[in-house]
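The values are calculated or read from the model by the stated rules, or taken from the named source; none is laboratory data. The shown structure was predicted, so the numbers you read here are calculated from the model rather than taken from an experiment. All Cβ positions, even for glycine, are placed from backbone atoms using ideal geometry, and neighbour counts span all protein chains on display. For the accessible areas, the whole protein counts, side chains as well, though only heavy atoms, and no ligand, DNA or RNA atoms are used. Shrake-Rupley method; radii C 1.70, N 1.55, O 1.52, S 1.80 Å.
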Amino acid sequence: MKKTLLSAAIGGAVVFGLGAHAASATTLEDVKSKGSLTCGVSTGLQGFSAPDNEGNWSGLDVDYCRAVAAAIFGDPDKVNFVALTATDRFPALQSGEVDMLSRNTTWTLSRDTSLGLDFRTVNYYDGQGFMVPKDLGVSSAKELSGAAVCVQSGTTTELNLADYFSANGMDYNPVVFEALEDVNNAFNQGRCDVYTTDQSGLYAIRLTLTDPDNYVILPEIISKEPLGPAWRQGDDQWGDIISWVHYAMLNAEEFGITSENIDEFVETSDNPGIKRLIGTETDSKLGADLGLDEKWAYNVIKLVGNYGEIFDKDVGAGSPLKIERGLNALWTNGGLQYGPPIR
């Protein structure tokens, strides 16, 4: 789908009034009525949500949106992507400008309570890191006292940066921008010594620099950054749909079901857990419990893929980023990704 920019700045005055109103009608009904999902994504972060030269979006967060659309409509292309800055993302969701956020957003207590939003799933376990030019001659974040640090405003990154330097008795000079593109340009032009953001973002941003090989990502991880989708409080059905789409992709990977082989499982599997997942169990009402067709998970897996498939092509070994699964491996492989049973 084509790139859509937020049409106007959304003031703080709309935060709770319009947010509560938007959640009073079920989001699923609204989405079905307009015939498409409106998904808030980043303004461009390779591997997570970024448009190509023709305005077609791709990335792990984009595929999450596409999977939700597939569950609802049986068509992953029924999504409109709205590019949001870190500052704009929460007002856009609260006001009803978007139906959900899938925008490399950290789940925190304050965001899950005082902002009137809900989080439940983590589609990428991350942590904040630092990137520096090799010629800076440092090998540890503990050597960065006095450095000028590029950081995006309105993020947990900005807060974690202050905490880290304070806790370690170091000084720094923050170079702050609201737009991610401005942060990238400032670092690329040498206006700061250090770039800090989620480590996955550093891998993506390094690829966009004039000379990517001239930069190194330092080993320290200074925070926990559980990234996942968000929706408005007060609509449990909508939260269930968004969450169980993720869990379905995880269960599919655990069962060895992919977009390529799912039809073989439809034809031959007698495993009750698999049959419940792909909608072939007789008299199942699991889809109806979500307000969806019984083939909802089949459509997610067939049309978008299981979690391992999208991880690999968007950020993993099959992508330019080549990030290892690490904490994002299935629980059976030593990671933290775990899908509750579909039954």
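Each of Thr157, Ala71, Asn53 was scored by the projection of its Cα onto the charge dipole of the chain, and the greatest displacement toward the positive side belongs to Thr157; charges sit on the C-beta of Lys, Arg, Asp and Glu. In the range 127-224, what percentage of the DSSP-assigned beta bridges are antiparallel, given to the nearest 5? About 45 percent, rounded to the nearest 5.
Amide H contacts of Ala50 (H built 1.01 Å from N, in plane; Pro and chain starts excluded): Leu45, Ser58 sit under 5 Å, all sequence-distant by 5 or more or on other chains.
Legend: residues Lys313, Lys322, sorted from most to least accessible area (1.4 Å probe; ligands, DNA and RNA excluded), read Lys322, Lys313. Placing +1 on the Cβ of every Lys and Arg and -1 on the Cβ of every Asp and Glu, with nothing else charged, gives the range 263-343 a dipole about its Cα centre of roughly 280 debye. Normalised per residue, the accessible area of the range 127-224 is 45 Å², obtained with a 1.4 Å probe and no contribution from ligands, DNA or RNA. On the basis of the beta-carbon distance and an R0 of 51 Å, Leu136 and Asp236 show a calculated FRET efficiency of 0.55. Annotation: Glu220 carries an accessible surface of approximately 40 Å², with a 1.4 Å probe and no ligand, DNA or RNA atoms counted.
Placing +1 on each Lys and Arg Cβ and -1 on each Asp and Glu Cβ, with no other charges, gives the chain a dipole about its Cα centre of roughly 340 debye.
Here the range 127-224 exposes an accessible surface that is 44 percent carbon and sulfur, computed with a 1.4 Å probe and the other protein chains kept in place. Less than 5 angstrom separates the built amide H of Asp126 from those of Glu225, Leu227, all sequence-distant by 5 or more or on a different chain. Beta bridges per DSSP, both residues in the chain: antiparallel share near 45 percent. With the simple spin-label model, which puts each label point 7 Å out from Cα in the Cβ direction, the Asp30 to Asp52 separation comes to 3.2 nm.
Taking Arg120, Arg232 and ordering them by how much accessible surface each has at a 1.4 Å probe, largest first, produces Arg120, Arg232.
Entry note, the range 127-224: relative contact order of 49 percent, from Cα contacts under 8 Å with a spacing of 6+ residues. Global dimensions of the range 127-224 from alpha-carbon coordinates: Rg and Dmax equal 11.9, 33 Å.
Couplings 3J(HN,Hα) of the range 129-134, computed from phi: x, 9, 10, 9, x, 4 Hz, in residue order, whole Hz [Karplus 6.51 cos²θ - 1.76 cosθ + 1.60, θ = phi - 60°; x for Gly and Pro].
Straight-line reach from Lys285: taking Cα to Cα under 29 Å and skipping same-chain neighbours fewer than 8 places apart, the lysines in range are Lys32, Lys34, Lys78, Lys275, Lys295, Lys302. Dividing the mean sequence gap of close Cα pairs (under 8 Å, 6+ apart) by how many residues the chain holds gives a relative contact order of 21 percent. So, in nm, how far is label Leu336 from label Ile221 when the simple model puts each one 7 Å beyond its Cα toward the Cβ? Result: 0.7 nm between the two label points.
Think of it as helices only: each DSSP H run of n ≥ 4 in the chain is worth -39500 (n - 2.57), and spread over all residues that comes to -10500 deg cm²/dmol at 222 nm. On full extension, the segment bounded by Ala288 and Ala317 gains 6.8 nm, given 0.36 nm per residue less the C-alpha separation.
Computed from label points 7 Å out along Cα-Cβ, the spacing between Ser114 and Ser153 is 1.9 nm.
A cut-off of 5 Å between modelled amide H atoms, ignoring neighbours fewer than 5 places along the same chain, links Asn80 with Leu37, Thr38, Cys39.
The residue list Ala179, Gln189, Gly137 was ranked by how far each Cα lies along the charge dipole of the range 127-224 toward its positive end, using unit charges on Cβ atoms, and Gly137 comes out on top. Taking Asp75, Asp182 and ordering them by how much accessible surface each has at a 1.4 Å probe, largest first, produces Asp182, Asp75. Rounded to the nearest 20 debye, the dipole size of the range 127-224 about its Cα centre is 160 debye, using +1 on the Cβ of Lys and Arg and -1 on the Cβ of Asp and Glu.
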